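Working notes, beginning with the structure itself.
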Amino acid sequence: MLISDIPQDVLARFRRGGVIPAHPLALTAARVLDARRQRALSRYYLDAGAIGLAVGVHTTQFAIRQQGLYARVLELAAEEAEAHGSRPFLVGGVMGRTDQAVAEAETARALGYHAVLLGLAGLNDVAEDALVDHCRAVAATMPVFGFYLQPAVGGRRLSRNFWEQFAAIENVVAIKAAPFNRYHTLDVVHGVVAASAEDRVTLYTGNDDHIVADLLTEFRIPRDGGAVPVRFRGGLLGHWCVWTRKAVELMEEIRDRPEARSVSEWLAMDALTTEANGVLFDVENDFVGCIAALHEVLRRQGLLEGTWCLDPDEAMGPGQEARLDRLLSEHPELTDDAFVAANLDRWLG
């Protein structure tokens, strides 16, 4: 499957930019898949205005592979996307050594996904040139969405030269920059421009500590005696799997009406978004409770029945729930509780 095989209207909407939530996993108290609530989550995101879904990624829990749930979870989201009619851009997470990553890409392709988010965690012992070969092998199966993951959660430092080589792969459709580091983010942007790939490779932010500022910034990268303007067009974020309607409203304002706020107001929103993310992703405890806290928000809204993860020891970190309570008390405007309450019964139906 090539980029040219993606329906043109789906690809155009993706390149214009928007919200792509990283899809959580709905489980029962027995820690088995709750298909009803898994479907409800997809319906929520699509009704909220998300332009795509990312499934089989970190927020979906990597252990779905060991539990034999990978294909089923991707299938449920694909079925809901088909039924919804908004023609969302579907991203399947793939990972592991080349054989595993290619096999997962083949599964995603068979289920109607448009691209795969290629995780490189676990390949930190592979030299960059060999890593590019790995990416090419996956790109031979279907369009690739690159992923620069921060070292704190299993990623590695990748050079500007790597990103230039990666962006030069013809079947690379996008890159999610999530190194949580401004210098390393610039390496991605420079690499794309050096490869003359800025029109083909769409940039999405995954920098949880800089979401709003990433989306507002126009990078001007020197090339051939001029300056090439490059922007992040959207976000593929675990943060955006909660309060998704508010994320869509914010994304639309940034994209369509940036003059609606002053520079200082936008910087204040960037700081508040980072503060909220710090609570949700349990920065205080080095990200221990990041998935469970997202589940807790969805549980309080009624979308999930509990906060259960596949690993019975995975839970919110010490003090995290109190920090979440304080955040919601001080900033109720962050939530989309009313939107969820008005639609919950239909999504669960």
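What follows draws every value from the coordinates through simple rules; no lab data is involved. Small disclaimer: the values here were computed from a predicted structure and weren't measured. Cβ coordinates were reconstructed from backbone atoms using ideal geometry, including for glycine residues, and neighbour counts include every protein chain displayed.
Tabulated data for the structure shown
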| item | result |
| --- | --- |
| Ordering of 293-299, 224-230, 89-95 by burial proxy (mean other Cβ atoms within 10 Å per residue, highest first) | 89-95, 293-299, 224-230 |
| Max mean-square fluctuation residue, GNM over the chain, Cα-Cα springs under 10 Å, options Leu310, Leu203, Leu280 | Leu310 |
| Rough spin-label spacing in nm, given labels placed 7 Å along Cα→Cβ, for Asp99 and Arg223 | 3.8 nm |
| Sequence-distant residues sharing a close amide H with Gly93 (under 5 Å, placed H) | Val55, Gly56, Val57, Leu117 |
| (i) 68, 50, 38; (ii) 85, 51, 47; (iii) 54, 48, 39, with the label sought being that of the calculated Cα extents along the principal axes in Å | (iii) |
| The range 244-251 - phi-based ³J(HN,Hα) in whole Hz, Karplus 6.51/-1.76/1.60, Gly and Pro as x | 5, 4, 5, 4, 5, 4, 5, 4 |
| Centroid-to-centroid separation of the range 260-297 and the range 213-253 [C-alpha atoms, Å] | 17 Å |
| The range 21-38 - phi-based ³J(HN,Hα) in whole Hz, Karplus 6.51/-1.76/1.60, Gly and Pro as x | x, 7, 6, x, 10, 8, 10, 7, 4, 7, 6, 10, 4, 9, 4, 4, 6, 4 |
| Most to least packed among 124-132, 71-79 [average Cβ atoms within 10 Å] | 71-79, 124-132 |
| Charge-dipole axis of the chain as Lys and Arg at +1 and Asp and Glu at -1 on Cβ define it, positive-most pick from His134, Pro222, Leu111 | Leu111 |
| For the range 312-318, 3J(HN,Hα) per residue [Karplus equation, 6.51 cos²θ - 1.76 cosθ + 1.60, θ = phi - 60°, Hz, x = Gly/Pro] | x, 8, 8, 8, 4, x, x |
| In range of the label at Glu284: residues from the range 329-349 whose backbone nitrogen is under 20 Å from the point 7 Å along Cα→Cβ | 329-335 |
| Nearest-20 debye value, the chain charge dipole, Cβ charges on Lys, Arg, Asp, Glu | 540 debye |
| Pairwise centroid distance, computed over Cα atoms, of the range 71-126 with the range 160-208, Å | 20 Å |
| DSSP-defined beta bridges in the chain - what % are antiparallel, rounded to 5 | 20 percent |
| As computed over the range 194-280, the Cα convex hull volume per residue (Å³) | 109 Å³ |
